[in-house]
Amino acid sequence: MGKGFDLSGRVAIVTGGNGGIGLGMATGLAQAGAAVLVAGRNAAKNAAAVKALQALGAQAAAAEADVTVQAQCGALIETALGKFGRLDILVNNAGINIRKQPQEYTLEEWKSVLDTNLTSAFLCSQAAYPAMLKAGGGKIINIGSMLSIFGAAFTGPYGASKGGIVQLTKSLACAWAKDNIQVNAVLPGWIDTELTRQARKDVPGLHERVLARTPAGRWGDPADFGGVAVFLAASASDFLTGTAIPVDGGYSSQV
Ligand code: NDP
């Protein structure tokens, strides 16, 4: 691996790193040499992810954390510092969706999607900032969506959270560039994970529509996210900040 992509000695936190896209990114970071702390609510999934990362020869640990709770975001950073001594990379990936028509959402449902997908990224970034300052810089990777760009009838709060994540990315990038902290977003296309397995049950014809619309002719796989995670976490991307990169098999390029 080129020197600009080497993450040896770096420490990463991946929220929602115990499965799906988060584990795809955690795997890429681990393969590039980073020590990885995965964070999620489900202890069994956390343990399985740690085992998979350690099997690659990486240093890995898990923290049971609900990123909608501010104190747990702070504790997550402390856990990374306690276990690995520093923090260089934060991937704000934890996310949920509730699919309904806009008139059907309760306020609680709206808040739970916004808190999980958007507020958590703000809180974890805020909590990580002092540790990144101490490390002399850092990399924050936020996970958006095609719904950061497009609308859909059944994704009111999700689309709002994912549009917000792009703007949050730009604000953090502008504020912290002086501190050598780069902040970028990744916008996944349609990826085969637990989240979209449910969507394919809920939304008739979704599977076929995605296939027809995606120039690559397939759904994405979590492993498709290892490369972009490494690039955005490594010194190779030091002059890249505030961007939102689609990783979508061309979905957003096609009318
Ligand atoms: P998964 O459902 O497979 O993964 C979601 C992850 O988030 C799980 O690890 C889950 O762990 C974690 N999580 C959810 N809520 C919380 C919480 N409150 N605190 C801590 N962790 C939490 O979905 P994906 O891998 O598909 O999604 C990952 C990200 O990618 C999300 O932000 C999603 O919006 C985004 N995305 C996904 C797309 C796709 O096609 N799959 C497309 C575009 C964006 P646990 O349950 O253990 O807490």
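The values are calculated or read from the model by the stated rules, or taken from the named source; none is laboratory data. Not measured: the values here are computed from a predicted model. Note that each Cβ is placed from the backbone with ideal geometry, even for glycine, and that neighbours are counted across all protein chains shown. Calculation scope for accessible area: heavy atoms of the full protein, side chains included, ligands and nucleic acids excluded. Shrake-Rupley method; radii C 1.70, N 1.55, O 1.52, S 1.80 Å.
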- Query: Which ones in segment 85-115 are buried (at least 23 other Cβ atoms within 10 Å of the Cβ) and near the ligand (Cβ under 9 Å from one of its atoms)?
  - Reply: Asn92, Asn93, Ala94, Gly95
- Message: Restricting to segment 116-137, and then to whatever is open to solvent by 30 Å² or more (accessible area, probe 1.4 Å) and under 13 Å from Ala94 (Cβ atoms), can you tell me which residue is farthest from the ligand (Cβ to nearest atom)?
- Response: Phe122
- Query: When you go through Tyr158, Tyr105, Tyr129 one by one, which is the residue that is aromatic (Phe, Trp, Tyr) and within 23 Å of Val36 (Cβ to Cβ)?
  - Reply: Tyr129
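Yes or no, residue by residue, for (1) of a type in the set (Phe, Trp, Tyr); (2) without any contact (Cβ under 8 Å) to a residue 60 or more places away in the chain; (3) within 27 Å of Asp179 (Cα to Cα):
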{"position": "Ala48", "(1), (2), (3)": "no, yes, no"}
{"position": "Val69", "(1), (2), (3)": "no, yes, yes"}
{"position": "Ala94", "(1), (2), (3)": "no, no, yes"}
{"position": "Ser125", "(1), (2), (3)": "no, yes, yes"}
{"position": "Pro130", "(1), (2), (3)": "no, yes, yes"}
{"position": "Phe154", "(1), (2), (3)": "yes, yes, no"}
{"position": "Tyr158", "(1), (2), (3)": "yes, no, no"}
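Does Ile149 satisfy the criteria of being under 22 Å from Ile89 (Cβ atoms) and either touching a strand residue (DSSP E or B) at 6+ places or on another chain (Cβ under 6 Å) or modelled with pLDDT of 95 or more (or both)?
no
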- Report, ordered by the first and then the second residue, all pairs with beta carbons closer than 6 Å, sequence separation of six or more or different chains, a first member in segment 16-45 that is within 22 Å of Ile96 (Cβ to Cβ), and a second member that is assigned to a loop (DSSP other than H, G, I, E, B) and among the charged types (D, E, K, R). Arg41/Asp66
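Conditions tested, residue by residue: (1) touching a helix residue (DSSP H, G or I) at 6+ places or on another chain (Cβ under 7 Å); (2) charged (D, E, K, R); (3) under 22 Å from Pro222 (Cα atoms).
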| residue | (1), (2), (3) |
| --- | --- |
| Ile89 | yes, no, yes |
| Asn92 | yes, no, yes |
| Asn97 | yes, no, yes |
| Gln101 | no, no, no |
| Glu108 | no, yes, no |
| Val113 | yes, no, yes |
| Gln126 | no, no, no |
- Task: Kindly indicate which of Ala49, Ala32, Ala12 is at pLDDT 95 or above, of a type in the set (A, V, I, L, M, F, W, C) and surrounded by fewer than 24 Cβ atoms within 10 Å (Cβ to Cβ).
- Result: Ala32
